[in-house]
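Everything below concerns the one structure shown next.
The values are calculated or read from the model by the stated rules, or taken from the named source; none is laboratory data. The structure displayed is predicted, hence computed values, not measured ones.
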Amino acid sequence: MSERRGAQTDAELLDAVAESDRAAFEELFRRFAPWLRGRLRQRCADPVLVDEVVQDVFVEVWRRRERRGGPRTGQVDNVSGWLWRVGRRRLIDAQRAQERRGRLLRRLAGLPRRHAVSAEEELMAELGDGALAAVEFLPAHLRAVVRATALEGLTVQETAERLSIPAGTVKSRASRARRLLRERLLPRPGAEGGRAR
């Protein structure tokens, strides 16, 4: 079976992926991921960002099959060229997002401290760059509390007034948000392979 897969053209593999053929997808990944990673590394020195972009490109390839059967050879003249165009756009988007996070962190670092560092602020510092992106995955009511306390530096009382909720609710939501952020971003002791993606 693997010999037959290896003998398939790029176009045949892409057509098979459009039909939800997992083995074809895996072969397409083996065939093109190292090449795409190498091309992207010529434009970005951050290997972690490049690996994330390569992963995103292939996730997009797999997801596209759900939309009208995904990309097919009739829609894609050159598979490597098409993957490169998708990868280049994803890299540009990722670099822009990284720049925005960096600007936000620099602005936050320059804010005057009006109170002792909150538990949320300590957690954000502990989690590093991934923290800002992870906050966006929190439920809206928890995200609002984290933004107010950790990102804007408001006290519990100020946050309660802004959100029109009791101070005790701010504390309980902040505690729940911290737990969820830790679960999302910090590896569990004894878990194999570290962080889940």
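Any idea how many residues of segment 17-46 are modelled with pLDDT under 90 and either part of a helix (DSSP H, G or I) or basic (Lys, Arg) (or both)? Matching residues across segment 17-46 total 2.
Among the residues of segment 140-154, the one identified as of a type in the set (D, E, K, R) and more than 20 Å from the chain's Cα centre (by Cα) is Glu152. Across segment 164-197, which residue is modelled with the lowest pLDDT among those that are of a type in the set (Gly, Ala, Ser) and more than 17 Å from His141 (Cα to Cα)? My answer is Ala196.
If you go through segment 87-101 and pick out every residue that is within 11 Å of the chain's Cα centre (by Cα) and at pLDDT 85 or above, you end up with 1. The residues in segment 64-82 that are modelled with pLDDT under 85 and assigned to a helix (DSSP H, G or I) can be counted, and the count is 1.
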